[in-house]
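A short write-up of the structure that comes next.
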């Protein structure tokens with residue numbers, strides 16, 4: 001059972017609520033966190049607290065800053081997923097990196113981040129949710145693009 005499934009019977013907290021921090025989730029589910037710093041990025045706040053900042057970086061074209069923050073969020077979500085056994089890591093951060101890399105025509109980086117997600121989630125785990133399935137499909141497309149090599153805008157290669 002994934003984290004979202006465990007929320008279904010708990011009206012006081014949801015994965016999209018303002019306080020869906022691991023400490024709040026653990027309290028609602030009656031479990032304890034092994035480490036209060038779990039899921040924290042740079043010791044500042046939980047990775048879920050960076051979504052709007054990442055969107056803002058992308059919106060104004062500060063893609064390098066968005067990339068660096070997203071990579072740190074991926075580290076945090078992987079650590080949390082591994083320690084808490086709540087299922088696959090949060091896929092949104094990997095998806096955003098893949099989008100950035102595709103936009104920059106960095107196919108090898110796109111393939112690498114998608115492979116990292118599938119490796120951490122496991123193929124079965126990745127395919128349990130819509131975004132995970134989309135990332136698996138995107139990985140196949142990115143691999144095909146990588147196999148075809150870079151092309152110019154006029155398609156001549």
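Read-outs throughout are calculated quantities, based only on the coordinates presented, and are distinct from any laboratory measurement. None of these values were measured; they are calculated from a predicted model. All Cβ positions, glycine included, derive from the backbone under ideal geometry; neighbour counts span all protein chains shown.
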Note on the range 112-138: residues free of Cβ contacts under 8 Å to residues at least 60 places away in the same chain and either more than 15 Å from residue 74 (Cβ to Cβ) or touching a strand residue (DSSP E or B) at 6+ places or on another chain (Cβ under 9 Å) (or both) are 122, 123, 124, 125, 127, 130, 133, 134, 136, 137, 138
So for the range 50-70 (the condition being part of a helix (DSSP H, G or I), touching a strand residue (DSSP E or B) at 6+ places or on another chain (Cβ under 9 Å) and in contact (Cβ under 8 Å) with a residue 12 or more places away in the chain), does at least one residue qualify? yes
Checking residue 102 against (1) under 15 Å from the mean Cα position of the chain (by Cα); (2) crowded, with 16+ Cβ neighbours inside 10 Å, which test does it fail? (1)
Residue 95 versus (1) surrounded by 15 or more Cβ atoms within 10 Å (Cβ to Cβ); (2) free of Cβ contacts under 8 Å to residues at least 24 places away in the same chain: which is the lone unmet condition? (2)
As an exercise: evaluate residue 89 against (1) buried (at least 20 other Cβ atoms within 10 Å of the Cβ); (2) touching a helix residue (DSSP H, G or I) at 6+ places or on another chain (Cβ under 7 Å); (3) assigned to a helix (DSSP H, G or I) and give the number of the one condition it does not meet. (3)
Filter the range 66-82 for residues that are more than 11 Å from the chain's Cα centre (by Cα) and farther than 19 Å from residue 126 by Cβ and give the result. 66, 67, 68, 69
